[in-house]
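**Q** To start, I am sharing the structure in question, which I have written as structure tokens.
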Amino acid sequence: MATARTANPAQMIGLNKPANGQLRGQAALLAAAQQSSALQKRTSIPQSSGGIKFGDDWKKCLELPPKDTRMRTADVTSTKGNEFEDYCLKRELLMGIFEMGWEKPSPVQEESIPIALSGRDILARAKNGTGKSGAYLIPLLERIDLKKDHIQAIVMVPTRELALQVSQISIQLSKHLGGVKVMATTGGTNLRDDIMRLDETVHVVIATPGRILDLIKKGVAKMDKAQLIVMDEADKLLSQDFVVLIEDIISFMPKDRQILLYSATFPISVQKFMNKHLKKPYEINLMEELTLKGITQYYAYVTERQKVHCLNTLFSRLQINQSIIFCNSTQRVELLAKKITQLGYSCFYIHAKMMQEYRNRVFHDFRNGLCRNLVCTDLFTRGIDIQAVNVVINFDFPKNAETYLHRIGRSGRFGHLGLAINLITSEDRYNLKNIEDQLVTDIKPIPSSIDKSLQKQGTGRNLSDWRNAAPGIHDTILAMHPTRFQVMISVPYQSVDELRKIGGHLSTTDVVVNFAGVELPLDPYCQLCYSLSMGSVLAAAPPSPAPAAAGGSQGVPGLVSVPPGFTMPSVSSVPPTSGSGQQSADTDSPLPNPGTYEECHRKCKEVFPLQMEGVRLVVNKGLSNHFQVSHTVTLSTLGDSGYRFGSTYVGSKQTGPAESFPVMVGDMDNTGSLNAQIIHQLTSAVRSKIAIQTQQHKFVNWQCEMECRGEDFTAAVTLGNPDVLVGSGILLGHYLQSITPALALGGELVYHRRPGEEGAVTSLLGRYTGDNYVATLTLGGAGAHATYYHKASDQLQVGVEFEASTRMQDTTASFGYQLDVPKANFLFKGTVDSNWVVGATLEKKLVPLPLTLALGAFLNHRKNKFQCGFGVTIG
């Protein structure tokens with residue numbers, strides 16, 4: 001895919017900005033301000049209002065954070081060599097800057113700070129995570145006059161979390177300035193608290209548009225003397241959602257106000273606003289390319305059902321400090337978070353429909369490192385800066401380039417390295433190519449192993465930080481594992497606050513923290529784990545449950561899976577992989593669910609082409625989110641031609657990101673023959689299925705199945721065509737048990753009875769799953785059946801099948817392969833067997849049209865028989 005650069009992608013969609021901070025709401029902001037004031041009174045650093053004097057040793061008294069020794073890219077290092085002291089800033093502001101860990105200005109700060117100090121309007125474009133927050137907060141705080149007790153500046157942001165983050169940065173930067181009052185006001189909080197706060201002195205307001213406009217119209221927030229307004233994420237603020245509110249807010253400000261606009265890109269719609277409100281703005285454009293240099297982008301090609309399995313594999317193979325996982329809906333966010341927790345990983349979730357109190361708590365705790373993974377909607381794409389995040393996963397691929405750009409910008413902050421991994425289904429391939437072209441970037445197929453240098457983003461602290469922070473700490477090695485070891489730390493209650501200050505920063509050992517005393521309240525109790533190989537937070541308290549069972553067996557060991565074709569997937573969940581690639585997990589963890597007995601040979605069989613003959617036209621139509629119909633017309637030279645109508649209904653009871661129940665599937669042809677199935681999830685472990693079949697208006701078959709899936713086993717019983725009066729019927733029993741993570745053993749019992757005849761047939765099954773292969777063997781009185789599936793590469797899969805029947809006195813060996821070229825929307829399958837039957841099928845999707853063409857040809861050399869077919873699928 002394209003790798004060319006553009007010098008000035010002027011009309012691209014907008015991107016995001018950096019920041020650094022976290023709160024738990026307005027009370028936390030006030031507490032932080034009071035704490036900063038108290039710190040100022042205690043400090044021995046001399047306070048002055050003048051500039052820096054030659055020979056001052058004030059820097060020696062600063063409480064500097066540990067130096068960040070991680071590699072940085074040219075996005076933040078290609079500067080002119082300026083220092084913060086060169087801008088003649090107040091000493092107190094410089095003290096706050098250095099104590100934030102900001103050593104030198106980034107390129108956007110070099111360009112922006114002197115111009116903003118001069119009072120000129122600015123239109124600045126810079127990448128995500130390159131220091132845009134500091135670019136406007138430093139000159140804003142420098143120009144605050146403490147002798148005036150009115151609002152002097154306002155910062156507008158599109159989301160509540162970003163408002164809290166920016167306000168915290170402002171408080172930290174201004175803590176030595178001696179009285180700068182910063183207030184954050186957003187929707188979802190108590191309006192009365194904001195009104196009471198504005199009765200006191202407020203110099204800087206950080207707000208979302210709706211809440212501050214409400215306060216202005218009530219006459220509480222007086223903006224007539226505010227000389228500066230900043231718009232962070234200006235492309236979003238000037239979109240149709242906010243632009244009317246923004247113009248109303250500006251109408252209450254003086255005509256000679258200063259306007260600063262910051263974003264990654266500016267769409268054409270910004271031009272109208274700029275011409276109307278900005279006066280000869282100084283334009284800053286640091287966007288030679290849109291994506292950050294430090295972010296490596298990959299995609300994994302999967303089916304919808306394989307996404308959870310692929311995510312589980314990523315967790316086990318990547319060195320994740322913290323990760324953000326994006327979904328396209330709030331419902332999928334909650335379901336996926338639940339699934340991740342069931343798999344044994346710590347996980348929080350956040351979305352716009354949550355109460356603001358809970359959103360603040362999740363944001364605060366995740367930023368402080370109390371959890372490793374966060375599942376969220378696009379609420380978390382704007383400006384959120386969490387330095388420990390080194391992996392972003394698009395569980396649901398976004399629909400447009402703007403959203404994609406903002407999502408991946410959550411990793412690789414301030415020039416550091418990061419990973420962006422996208423789970424792509426066949427429906428997402430067009431969007432993937434479109435986004436690559438728009439952003440002029442290259443999203444590569446994910447390799448079997450990822451360079452570890454791209455994943456090492458630890459902040460450099462270790463176990464000694466815990467000992468130094470908490471006197472009386474005691475540690476004991478708990479267990480040794482192939483890739484990590486655990487240390488138990490017992491901490492006295494009074495050390496909780498000190499430990500939380502450095503929470504989320506340890507990187508060299510796997511630590512489980514327990515606070516001494518069972519009488520302690522739940523709130524201060526937490527468990528933090530750090531991994532020797534992973535490099536950061538591994539789990540959060542309360543401890544995550546052990547990996548739970550998951551159903552189905554479509555998952556393939558490895559990171560990349562190729563869909564079996566273009567048919568509608570069956571309803572089944574994806575099990576955790578049981579291959580050797582997962583052996584880095586705890587040896588004491590429960591075994592994975594082995595899936596169902598019937599699916600053991602399926603992975604190999606999906607490689608082989610299905611025979612085609614004649615002409616077939618299929619039209620699929622989705623009538624709603626739950627109901628779909630299909631029309632099939634078949635013209636055949638060997639069999640009967642006809643028409644078939646099919647329908648599928650999927651209920652609204654969701655049990656997973658890709659599972660909903662009940663499911664009803666049926667079809668009927670022009671002769672009146674009917675096939676119907678009803679599948680329903682009775683409990684979390686028990687699933688039922690009823691199937692009926694008629695032929696030419698006559699009832700011929702029905703069966704009922706009950707399936708139970710435990711943590712490491714699957715049992716099923718099927719009753720077919722029971723007739724109590726005649727005393728006939730068929731009873732089928734299956735059992736499959738995981739012996740090791742790679743090995744599953746099971747058996748089948750078939751009992752049939754009818755007048756004058758009764759019998760039973762048993763068989764045994766064994767399946768072994770490796771990193772990229774699956775071997776299965778079935779032995780019984782009826783014969784033997786062996787299959788071997790191997791994934792040779794991301795594009796090529798092969799399968800070998802052997803069948804021996806004692807009843808037919810016949811043996812057959814077959815070889816099949818599947819070649820998939822996702823970028824060409826091309827799928828080819830071929831086969832040859834010991835009876836000299838040679839066949840192949842070709843499927844081609846005509847993207848962006850909802851059209852699939854299929855060609856097939858089969859030749860039987862022994863019978864000298866040839867047949868071919870052509871198919872068209874619409875929808």
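The values are calculated or read from the model by the stated rules, or taken from the named source; none is laboratory data. All figures in this text were calculated on a predicted structure; none of them were measured in a lab. Cβ coordinates were reconstructed from backbone atoms using ideal geometry, including for glycine residues, and neighbour counts include every protein chain displayed. Just the protein is used for accessible areas: all its heavy atoms, side chains included, with ligands, DNA and RNA removed. Shrake-Rupley method; radii C 1.70, N 1.55, O 1.52, S 1.80 Å.
**Q** Can you name the residue in the range 333-367 that is within 20 Å of Ala163 (Cα to Cα) and open to solvent by 50 Å² or more (accessible area, probe 1.4 Å) and is also nearest to the chain's Cα centre (by Cα) among such residues?
**A** Tyr349
**Q** Anything in the range 373-395 that is in a loop (DSSP other than H, G, I, E, B) and open to solvent by less than 10 Å² (accessible area, probe 1.4 Å)? List them, or say none.
**A** Gly383, Ile384, Asp385, Ile386, Phe395 - these are the residues of the range 373-395 that are in a loop (DSSP other than H, G, I, E, B) and open to solvent by less than 10 Å² (accessible area, probe 1.4 Å).
**Q** Does at least one position in the range 797-807 carry a residue that is in a loop (DSSP other than H, G, I, E, B), over 46 Å from the mean Cα position of the chain (by Cα) and not polar (S, T, N, Q)?
**A** Yes, because at least one residue in the range 797-807 is in a loop (DSSP other than H, G, I, E, B), over 46 Å from the mean Cα position of the chain (by Cα) and not polar (S, T, N, Q).
**Q** Is the range 174-190 home to any residue that is at pLDDT 90 or above, out of contact with any Ser or Thr (no Cβ under 8 Å at 6 or more places or on another chain) and within 22 Å of Met100 (Cβ to Cβ)?
**A** Checked against the condition, which is being at pLDDT 90 or above, out of contact with any Ser or Thr (no Cβ under 8 Å at 6 or more places or on another chain) and within 22 Å of Met100 (Cβ to Cβ), the range 174-190 yields no hits at all.
**Q** Working only within the range 713-727, note down all residues that are within 47 Å of the chain's Cα centre (by Cα) and at pLDDT below 90.
**A** Gly720, Asn721
**Q** Hey, among Leu777, Leu749, Leu725, Leu765, which residue is of a type in the set (A, V, I, L, M) and in contact (Cβ under 8 Å) with a residue 40 or more places away in the chain?
**A** Leu765 is the lone residue from the list that is of a type in the set (A, V, I, L, M) and in contact (Cβ under 8 Å) with a residue 40 or more places away in the chain.
**Q** Which of the residues spanning the range 606-648 are within 31 Å of the chain's Cα centre (by Cα) and not in a strand (DSSP E or B)?
**A** Answer for the range 606-648, where residues must be within 31 Å of the chain's Cα centre (by Cα) and not in a strand (DSSP E or B): Glu606, Val607, Leu623, Ser624, Asn625, His626.
**Q** Pairs only if they're at least six apart or on different chains, beta carbon under 6 angstrom, first in the range 306-317 and at pLDDT below 90, second in a helix (DSSP H, G or I); list them, first residue then second.
**A** Filtered contacts from the range 306-317: Ser316/Gln582.
**Q** Enumerate the pairs (first residue in the range 154-182 and on the phi > 0 side of the Ramachandran plot; second residue anywhere and among the β-branched types (Val, Ile, Thr)) with beta-carbon separation below 9 Å, excluding pairs fewer than 6 apart on the same chain, so at least 6 apart or on different chains.
**A** Gly179/Thr201
**Q** For residues that are assigned to a strand (DSSP E or B) and open to solvent by 30 Å² or more (accessible area, probe 1.4 Å), scanning just the range 770-779, find the one that is nearest to Ser449 (Cα to Cα).
**A** Tyr773
**Q** Sticking with this one: For the range 741-766, which residues satisfy the criterion of being of a type outside the set (A, V, I, L, M, F, W, C) and surrounded by 15 or more Cβ atoms within 10 Å (Cβ to Cβ)?
**A** Scanning the range 741-766 gives Pro741, Gly746, Gly747, Glu748, His752, Arg753, Ser763, Gly766.
**Q** Now a separate question. (1) modelled with pLDDT under 90; (2) among the aliphatic types (A, V, I, L, M); (3) open to solvent by 60 Å² or more (accessible area, probe 1.4 Å): which one isn't true of Val650, the others all being true?
**A** Here Val650 clears every test but (3).
**Q** With (1) over 17 Å from Arg143 (Cβ atoms); (2) open to solvent by 50 Å² or more (accessible area, probe 1.4 Å) as the list, and Gln227 as the residue in question, which single condition is left unmet?
**A** It is condition (1) that Gln227 fails.
**Q** Now for a different question. For the range 823-845, which residues satisfy the criterion of being outside any strand (DSSP E or B) and within 29 Å of Glu436 (Cβ to Cβ)?
**A** Lys823, Ala824, Asn825
**Q** Let me ask something else. Would the range 261-274 turn up any residue that is modelled with pLDDT of 90 or more and outside any loop (DSSP other than H, G, I, E, B)?
**A** yes
**Q** Could you look through the range 669-718, keep only residues that are in contact (Cβ under 8 Å) with a residue 60 or more places away in the chain and among the β-branched types (Val, Ile, Thr), and pick out the one that is nearest to Glu748 (Cα to Cα)?
**A** Looking at the filtered set, the residue picked out is Thr714.
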